[in-house]
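Below is one structure; the comments refer to it alone.
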Amino acid sequence: MNIQKLVIIIGVLTTLASCFRKPNMENIILYAHREAPLGHVHLTVFKDSTFEFELSGITTSEIWKGNAVIEKDSINFNYYDSIPVVGKRAYYNNKYIEYLDRPERVEIKYNKLKSE
């Protein structure tokens, strides 16, 4: 019984901790986020064209980093190491980023990309 309570408390604390994650917007040009019942997806693109892409679940979280090449309506992601399941290319508009290799759509929360 005590182990079950401990597991529940850890789950609740993990969920609460993820809710309070706030990025430092000073060096960010694009921030997109999608909350899911069992995890979340974050994409952050910085002024120096580097990025962080995070996929997390109940018990796991993985972050990929690299350089982003931003074009008029698309972003190419050049990862430093492995490539996540969403792939290396995405299209974006004013509201969403949509990955091409896997159906994944992330809502843009903050956008300082120059409009052309």
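Computed values, structure above
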read-out: Odd one out for Trp64, checked against (1) farther than 30 Å from Ile10 by Cα; (2) modelled with pLDDT of 90 or more; value: (1)
read-out: Positions within the stretch 39-70 being acidic (Asp, Glu) and exposed (fewer than 12 other Cβ atoms within 10 Å of the Cβ), in sequence order; value: Asp48, Glu62
read-out: Of the criteria (1) over 20 Å from Ile28 (Cβ atoms); (2) in contact (Cβ under 8 Å) with a residue 24 or more places away in the chain, which one Leu113 fails; value: (1)
read-out: Which listed residue, of Tyr96, Tyr92, Tyr80, is loosely packed, with under 12 Cβ neighbours inside 10 Å and either touching a residue at least 24 places away in the same chain (Cβ under 8 Å) or farther than 30 Å from Ile10 by Cβ (or both); value: Tyr80
read-out: Subset tally (residues that are modelled with pLDDT of 90 or more and loosely packed, with under 13 Cβ neighbours inside 10 Å) for the stretch 28-38; value: 0
read-out: Top-ranked residue of the stretch 99-112 - restricted to ones that are outside any loop (DSSP other than H, G, I, E, B) and of a type in the set (A, V, I, L, M), ranked as surrounded by the fewest Cβ atoms within 10 Å (Cβ to Cβ); value: Ile108
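The values are calculated or read from the model by the stated rules, or taken from the named source; none is laboratory data. These figures come from a predicted structure and were not determined experimentally. Neighbour counts are summed over all protein chains in view; Cβ atoms, including those assigned to glycine, are modelled from backbone coordinates with ideal geometry.
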